[in-house]
Structure formats: structure tokens, C-alpha cells
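Below is one structure, written out as C-alpha cells; comments come after it.
Throughout, read-outs are computed from the coordinates displayed, never taken from laboratory work. These numbers come from a predicted model, not from an experiment. Cβ placement follows ideal geometry from the backbone for every residue including glycine, while neighbour counts extend to all protein chains displayed.
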Amino acid sequence: MSQDGKTITFVKKVLEDGSDCPKCRQVVELLEKAGFANSVDRTVIADVKNPSGEGMKLVKLWGMKRAPFFIVEHNGSQKVYQSALEFIKKELA
């Protein structure tokens, strides 16, 4: 949990060959370059080969059509961001 009481979960997709999806790699790089990599409390893998895994369950729960995405929990509420730039602007910057 971050110092402002938020819990940030990063859900990233792993492809059938075991590699991270290209967009997920870009987002990780963006977070690192912007100095926000340590702001993420948990990273959950949405593995297309494991539909019963936590990551794929979160994809279904939130109705996501693609990954990566962020789930921000704060004071009992949750918000999901599909856009990394919107997430950074509204939650970290």
C-alpha cells in the first residue's frame, strides 16, 4: 500500500509463447522512465494459457478487452485505468 492509502495493481498480459505483450513492455518502460515503477504495489499476470489464473479472472471481472490495465483501490472503492498515461496523470503525477 502506498503512503496515501492507495493500493495499485498492474495487470499485464503474457502471450502464449511466454513473453510479455508489446504494450505491456512499453508501459513498464514508461513507468520506469517516469520514476513511478515503485508506485505499483502488485503486478498480476494475465496468462492466456491459464484462463483460471488471477490475472485472467481480473480481465473478466472488469470486462477488459486488452491488457495492460491498472486497478487502484482507495477507501473501499476501486477504479480501473486502461490508459497508462491517464493512470499516471490522475493517480501518480
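Details
- Length released on extending from Lys60 to Arg25, taking residue separation times 0.36 nm less the Cα-Cα span: 10.4 nm
- An ellipsoid equivalent to the chain, defined through the eigenvalues of its Cα gyration tensor, has semi-axes of 21, 16, 11 Å when rounded to whole angstrom and sorted largest first.
- Cβ charges +1 (Lys, Arg) and -1 (Asp, Glu), total dipole of segment 7-92, debye: 280
- Antiparallel DSSP beta bridges within the chain, as percent of all bridges there, nearest 5: 65
- Sparse-neighbourhood loop sites, GluC sites (Glu not before Pro) in the chain - DSSP loop, at most 12 other Cβ within 10 angstrom: Glu16
- The calculated 222 nm mean residue ellipticity attributable to helices in the chain amounts to -8000 deg cm²/dmol, summing -39500 (n - 2.57) over DSSP H runs of n ≥ 4 and dividing by all residues.
- Cleavage-rule hits, trypsin sites (Lys or Arg not before Pro), segment 1-75, DSSP coil, Cβ neighbours within 10 Å at most 12: Lys49, Lys65, Arg66
- Farthest toward positive dipole pole in the chain [+1 Lys/Arg, -1 Asp/Glu at C-beta], among Thr7, Val59, Val44: Val59
- Full extension of the segment from Ser77 to Lys49, taken as 0.36 nm per residue of separation minus the current Cα-Cα distance, would add 7.1 nm.
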